[in-house]
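In what follows, a single structure is set out as structure tokens and then discussed.
The values are calculated or read from the model by the stated rules, or taken from the named source; none is laboratory data. Since we're looking at a predicted model, the values are computed, not measured. Quick reminder, even Gly has a Cβ in these numbers, built from the backbone with ideal geometry, and neighbours come from all protein chains shown.
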Amino acid sequence: FNAINFEFDVVENVDISNYEGIFVFAEQRYGKLKTVSLELIGKAKSLAQELNTSVTAVLLGHSIDNLSKELIAYGADKVLVMDAPWLNDFNDHVYGEVMVKLIKDYKPEIVLIGATSNGRSLAPHISSSLRTGLTADCTVLDIDKEERLLLQTRPAFGGNLMATIVCENHRPQMSTVRPKVFKPLEPDYSREGIINILPIPTPVERFVEKIKNIDNNETISLADADIIVSVGKGIGSAKNIQLAKDLADVLGGALGASRSVVDSGWIPYSQQIGQTGKTVAPKIYIACGISGAIQHIAGLADIETIVAINIDPDAPIFKVAHYGIVGDCREILPMLIKKIK
Ligand code: FAD
């Protein structure tokens, strides 16, 4: 990888000296914190130490006060909680307006948000309202102590090089960060922190109805799975995907796919892994009939064991695989399932 540095202004200079501290958006769904938020609290803690400042988790939702202690256990110094029925379900406009108001009031120098589907729609809403920069999908975060700059590194040009981006003249410096890039701290429930329950403003919009996301019918989410069985075009047909699903089920894992399979309409986009899909970091990744294109590999972060099944011994996937089986996945999958059962 080559390193390049972009430095750019977004709009006219602002007085950045008033900004201090790190905000982490504590994303929760159905009263459970997303692991990426805990990972970000841990990372924010080490960045805050370098800047000699504190970490504030921002928790929005309804009936969520029990999560504040968890955020403190994972490293937050302070939790700002806004609890209202109209915050029960995520809505980027409503959440965005609340976040913008809090950032204007508290003036954090850094805001970190998980690159989940919610985070990816929330972050640009905030950054465009505040007219500050946003670096999406960061994989490395560092601090330039002297300048109090966040060095935000992310893959660029199809993962062929790493770009380090700084937001020099505006605040806050905002990043979304892919799940599983950082490790959460060991929780310490004896840690003390400040929990600040915020007054509830009149909502600018109200949430009317949540329509079930039919695209997201995974039983085990790809982000949390320890084992992922992933299918590529080599599986042959939509019907054959059941073979990979069966293997995922016997292993207690999740089902993923390459873009070709998604583009063929065999599986929903929510299961696509890669540059334009999800980044995953299971312990074991079993690639069935996947060629191993660079855009697919870009979605595999820090995986302990990759197993590839491919009919072509020269398929690029074997360059990254720890174990390889050269053969027809439609024959090998039933054998594996039988053996494991
Ligand atoms: P193929 O390339 O068609 O490969 C099929 C493989 O299956 C071959 O290696 C073949 O040998 C093997 N095979 C065939 N039959 C069998 C069998 N019976 N048993 C076992 N093996 C068999 N791709 C992604 O996956 N994720 C992304 O996020 C993504 N983003 C992209 C973004 C951009 C900007 C671009 C340009 C491309 C992107 N792609 C992405 C597409 C990527 O370049 C590849 O085209 C895609 O990953 C190929 O999918 P595949 O390996 O399933 O299919």
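For this structure, a couple of remarks:
- Any hit, the stretch 64-77, residues being farther than 24 Å from D224 by Cα and touching a residue at least 40 places away in the same chain (Cβ under 8 Å): yes
- Look at (1) away from the ligand (no atom under 12 Å from the Cβ); (2) under 30 Å from K183 (Cα atoms) and you find that I294 fails only one, number (1).
- Against the test of being surrounded by 15 or more Cβ atoms within 10 Å (Cβ to Cβ), more than 7 Å from the ligand (Cβ to nearest atom) and closer than 15 Å to V229 by Cβ, the options G256, G324 yield a single qualifying residue, G256.
- Per-region count, the stretch 118-128, residues of a type in the set (S, T, Y) and either surrounded by 18 or more Cβ atoms within 10 Å (Cβ to Cβ) or under 16 Å from A26 (Cβ atoms) (or both): 1
- Meets criteria (modelled with pLDDT of 95 or more and within 11 Å of the ligand (Cβ to nearest atom)) for L300: no
- Meets criteria (of a type in the set (S, T, N, Q), at negative phi and modelled with pLDDT of 95 or more) for T139: no
- Residue in the stretch 238-245 that is at pLDDT below 95 and either within 11 Å of the ligand (Cβ to nearest atom) or on the phi > 0 side of the Ramachandran plot (or both) present: no
- Inspection of the stretch 316-326 identifies no residue that is within 25 Å of the chain's Cα centre (by Cα) and not aliphatic (A, V, I, L, M).
- All positions within the stretch 262-291 that are near the ligand (Cβ under 7 Å from one of its atoms) and within 24 Å of F157 (Cα to Cα): Q272, I273, G274, Q275, T276, G277, I290, S291
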